[in-house]
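Chemist: Got a structure for you, written out below as structure tokens; questions coming shortly.
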Amino acid sequence: MTRAPAQNIAQLDALTGIRGVAAWFVVLYHMRVSMVALVPPGVIAVFGQGYLAVDLFFMLSGFVIWLNYAARFRERGLAELPHFWWRRFARIWPLHAAILSALVLFALVLLATGREDASYPFAELPLHFLLVQNWGFTSELNWNNPAWSISTEFAAYLAFPFIVLALPWERFRARALLGFAVLLCVLLHLLFAARGETSIGEEITRLGLWRCLGEFAMGMVLCRMWQELGERRGAALVAFAAGIALLGGGLLLGLPQTAFVPACFAALLLALALDRGPVARLLGSKPLRRLGDVSYSTYLVHFPLFTIFKILFVDETLQLSWWDVAGFLGLVLASSLLFYRLLERPAQRWLNAHPPKLVARAPFAS
């Protein structure tokens, strides 16, 4: 379970870089309706697919969590639970709670000025602070809309240890792991098809949890495949060709998005993890790694910032000028860097250094 490809783990910097690129696709997705006067319809259509970056996030998360924690659970069993869950809480909750608290103040200002907004239902706040809002308890995306995926990832973190311990993963070779990945893709498609949905972005409050769990599990399987295939020449090229074939075939045949997009993403993610060439070097470059480092802040802060930006600087048409676009993108980048440096990382370090007694008393693996 601890075996990895001979190439330096640092080559997985490409996965950090692609996470940063994906976060900015989500930003453009939420801006697109206010940019129709600036860019051609084809570009708007591309931006309109930006929600699919979330599916890449889920797979990346499963991959990285497996890489960092699977061996610990296989060695220590459930004794590792307190440390794992606390570290994941320290990673995702402080920034989420800070932005949610700021939105509470914003909603109170709206209320005090007679501009009450149904997007900020105070009755749902406990669910959002507990990160369970997208577990089937709500029917709409409210407060900080992108945080729905953080809620579902929290569920994946709770399930992760039991998935690791449920099967003898170290016995499975590449073909068996490929079978697991295909099965997960098929089950995810069938789930959406049973609800009459062809787009993977539909019914987020009902299907988003299962979308996350399925793709998170795919990421776990992909990491095991990476560990198995790392020394095989041509493996990256085969995975890349499979991803392109799935994408092209799905589009040409007009297949439902759910039938090919997760499988396409899985193949391309595996290809990137295995790659040692110019694409991996580009995505692993320092600027893109930096975008990846702050991508969680980018993801959580951009939506409320855009809401406030439109109120302050955009007229009733809600259409942006190029100056507005440049200003907002610069604001998101600056805010991402500041939140990461001044809140996200310091809070994570402090919480990891000051765990509750139950965690502190648990034996820690070296």
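Chemist: Compute the FRET efficiency between V33 and W322 as 1/(1 + (r/R0)^6), taking r as their Cβ-Cβ distance and R0 = 22 Å, and round to the nearest 0.05. Please report the intermediate quantities before stating the final value.
Modeler: Working: r = 16 Å, r/R0 = 0.74.
Efficiency, rounded to the nearest 0.05: 0.85.
Chemist: Please work out whether the stretch 1-125 counts as rounded, prolate or oblate from its C-alpha gyration tensor, where a ≥ b ≥ c are the square roots of the eigenvalues and a/c under 1.5 means rounded, while otherwise a/b larger than b/c means prolate and anything else oblate?
Modeler: On the way: a/c = 3.64, a/b = 1.40, b/c = 2.59.
In terms of gyration-tensor shape, oblate.
Chemist: Give me the number: length gained by fully extending F162 to W350, i.e. 0.36 nm times residue separation minus the C-alpha to C-alpha distance, one decimal in nm. It would help to have the intermediate numbers written out before the result.
Modeler: On the way: separation 188, 0.36 × 188 = 67.68 nm, distance 2.76 nm.
Extra length from F162 to W350 when fully extended: 64.9 nm.
Chemist: For the stretch 84-121, run through the trypsin sites (Lys or Arg not before Pro) and keep only the ones in DSSP coil with at most 16 other Cβ atoms within 10 Å of their Cβ. List each step's numbers first, then the result.
Modeler: Values: sites: R87, R88, R91, R115; in loops: R115.
For trypsin sites (Lys or Arg not before Pro) across the stretch 84-121 that sit outside H, G, I, E and B with at most 16 neighbouring Cβ atoms in 10 Å, the list reads R115.
Chemist: Which whole-Hz ³J(HN,Hα) couplings does the stretch 80-88 yield from phi under the Karplus relation 6.51 cos²θ - 1.76 cosθ + 1.60, θ = phi - 60°, glycine and proline marked x?
Modeler: These are the phi-based 3J(HN,Hα) values: 7, 3, x, 5, 4, 5, 5, 5, 5 Hz.
Chemist: Please build a GNM for the chain, connecting alpha carbons under 10 Å apart, and tell me which residue among D324, D117, D293 fluctuates the most.
Modeler: Of the options given, D117 has the highest mean-square fluctuation.
Chemist: Just add up the charged neighbours of R19: K/R +1, D/E -1, any other residue whose Cβ is under 10 Å from the Cβ of R19.
Modeler: 0
Chemist: Mind listing the phi-derived Karplus ³J(HN,Hα) values for the stretch 103-119, rounded to whole Hz, using 6.51, -1.76 and 1.60 with θ = phi - 60°, and x for any glycine or proline?
Modeler: 5, 4, 4, 4, 5, 5, 5, 4, 5, 5, 9, x, 10, 4, 10, 5, 6
Chemist: At a Förster distance of 25 Å, what's the computed FRET efficiency of L105 paired with A45, Cβ-Cβ distance as r, to 0.05?
Modeler: Values: r = 37 Å, r/R0 = 1.46.
So the FRET efficiency works out to roughly 0.10.
Chemist: Mean shadow of the stretch 237-366, computed from the convex hull of its alpha carbons, in nm²? Can you show the working numbers first?
Modeler: Numbers: hull surface 56.4 nm².
For the stretch 237-366, averaging the hull's shadow over all directions gives 14.1 nm².
Chemist: Under 15 Å from the Cβ of S285, count the other residues' Cβ atoms, weight Lys and Arg +1, Asp and Glu -1, and hand me the total. Walk me through the intermediate numbers first.
Modeler: Working: positive: R19, R276, R281, K286, R289, R290; negative: D13, D275, D293.
Result for the local shell: +3.
Chemist: Oh, and also: Once phi is turned into ³J(HN,Hα) by the Karplus curve 6.51 cos²θ - 1.76 cosθ + 1.60 with θ = phi - 60°, what whole-Hz value does each residue of the stretch 257-269 show in order, with x for glycine and proline?
Modeler: Listing the rounded values in order: 3, 5, 7, 9, 5, x, 5, 4, 4, 4, 5, 5, 5 Hz.
Chemist: Pick from L237, L351, L111: which is most flexible by mean-square fluctuation in a GNM of the chain where alpha carbon atoms under 10 Å apart are linked?
Modeler: L111
Chemist: Continuing with the same structure: L78 to R361: extension gain in nm, 0.36 nm per residue of separation minus the Cα-Cα distance? Let's see the in-between values first.
Modeler: Values: separation 283, 0.36 × 283 = 101.88 nm, distance 1.43 nm.
Full-extension gain reported as 100.5 nm.
Here, each number is a calculation from the coordinates, and none is a lab measurement. Just so we're clear, the structure is a prediction, and the values are computed from it rather than from any experiment. Glycine also receives a Cβ, built like all others from the backbone with ideal geometry; neighbour counts cover every protein chain displayed.
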